[in-house]
Amino acid sequence: MRLGIIGAGAVGSACLTAVLMRGVAREVVVLDRDRKRARGLVTDAQYGAVLSPAVEVQDGDYVDLAGASLVMITAGVNESEGGATDRRDPAGRLRLLDANFVVVQQIMGRLDAIAPEAMVLVVTDPPDPLADAVRMLGHDRVLSTGTYLDTLRFRFHLARRLNVSPNSVEAQVLGEHGTSEVFVWSSARVGGVLALELLAQSDEGRDKIRREIEEEVRYANISIIEGIGASRHGIGVVSARIAEIVLRDERQVIPIGSYNPRYGVTFSMPSVVGRDGVLQILQPEMSEEERQALLLSADTLQAANARIPIVYGI
């Protein structure tokens, strides 16, 4: 199977490394508007790939994506370049939409001519409205990385507070991959026990810990950027895992962004994922507060999407 990565920057590089280490595809093609950059990334990565499952990796152009089963879009302006690193800014990643829509529009104009049947995975921020933009541009086979990474961050921080392995935590973040994301505390569990009940046993106080965890997760990207300049490695591994689930038709249930007609936007819900993308969207039990927060998240994304046809005449 052939997999494409469009964008050889920090995130594209991390995606390539994770794809190679996991042996996700037999062929990987890396594109960048600067062909020299893509060639340098491939040259570097291919030596380490000798230790990975057999894979052929090359730099290329759009014509080399013919027959690709899945294409990751990682190109565009990042949070630091786009001024989306202020924790007080409610727009968050949505501030990057205008600039990155132009990038995605250019990509899809060329990709659809070569690989119209490819599954597109939008990794570039903000991934949810950009996935809707891909759909508006006429390509229905599209996913957003959504809140899969946010969910892993939630499980990690919750596990650390409870001194257990993150693999023992069942918890989800749904809605927008952004500031309006929804933490589904009502069903978060460890070993069948509600996480909120376990947190209530702490001397720090349940509500305080809850607020701190939400802040750590919601602004994790900014904390990472402040340290190393770009959030890349976590999303690289997540993107590779999504590709693996799709290409191997695993039918795993994960929180991932897809168009949800019930809410009228692309955002994350627990979904059955396989070769054809999201096969079924599940409706988890939520508290009334969480349901209202999910509606607010959808409204936030609808407002963002409304800018696309007005500004760009789609």
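The values are calculated or read from the model by the stated rules, or taken from the named source; none is laboratory data. Quick caveat: nothing in here was measured; it's all calculated off a predicted structure. Backbone-built Cβ (ideal geometry, glycine too); neighbour counts: all protein chains shown.
Among the residues making up the stretch 1-42, those that are of a type in the set (D, E, K, R) and within 23 Å of ILE224 (Cβ to Cβ) are ARG22, ASP32, ARG37. Out of ARG35, ARG2, ARG39, one residue alone is surrounded by fewer than 16 Cβ atoms within 10 Å (Cβ to Cβ) and of a type in the set (Lys, Arg). It is ARG35.
Considering the conditions (1) modelled with pLDDT of 95 or more; (2) hydroxyl-bearing (Ser, Thr, Tyr); (3) within 24 Å of the chain's Cα centre (by Cα), THR85 is excluded by exactly one of them, (1). Within the stretch 296-310, the presence of at least one residue that is at pLDDT below 95, loosely packed, with under 15 Cβ neighbours inside 10 Å, β-branched (Val, Ile, Thr) and at negative phi is confirmed.
In the stretch 20-40, the residue that is nearest to LEU111 (Cα to Cα) out of those that are part of a helix (DSSP H, G or I) and touching a strand residue (DSSP E or B) at 6+ places or on another chain (Cβ under 6 Å) is ALA38. Of all residues assigned to the stretch 89-108, none qualifies as being surrounded by fewer than 21 Cβ atoms within 10 Å (Cβ to Cβ) and among the aromatic types (Phe, Trp, Tyr).
Of the residues in the stretch 160-182, not one is part of a helix (DSSP H, G or I), over 19 Å from ALA303 (Cβ atoms), touching a residue at least 60 places away in the same chain (Cβ under 8 Å) and more than 15 Å from the chain's Cα centre (by Cα).
Please determine whether any residue of the stretch 61-75 is over 20 Å from ASP112 (Cβ atoms) and in the same structural domain as ASP98 (by TED's automatic domain parsing).
So far as the stretch 61-75 goes, no, none of its residues is over 20 Å from ASP112 (Cβ atoms) and in the same structural domain as ASP98 (by TED's automatic domain parsing).
As a summary of the residue check, THR17 satisfies the conditions (1) buried (at least 21 other Cβ atoms within 10 Å of the Cβ); (2) within 22 Å of VAL134 (Cβ to Cβ) except for the one numbered (2).
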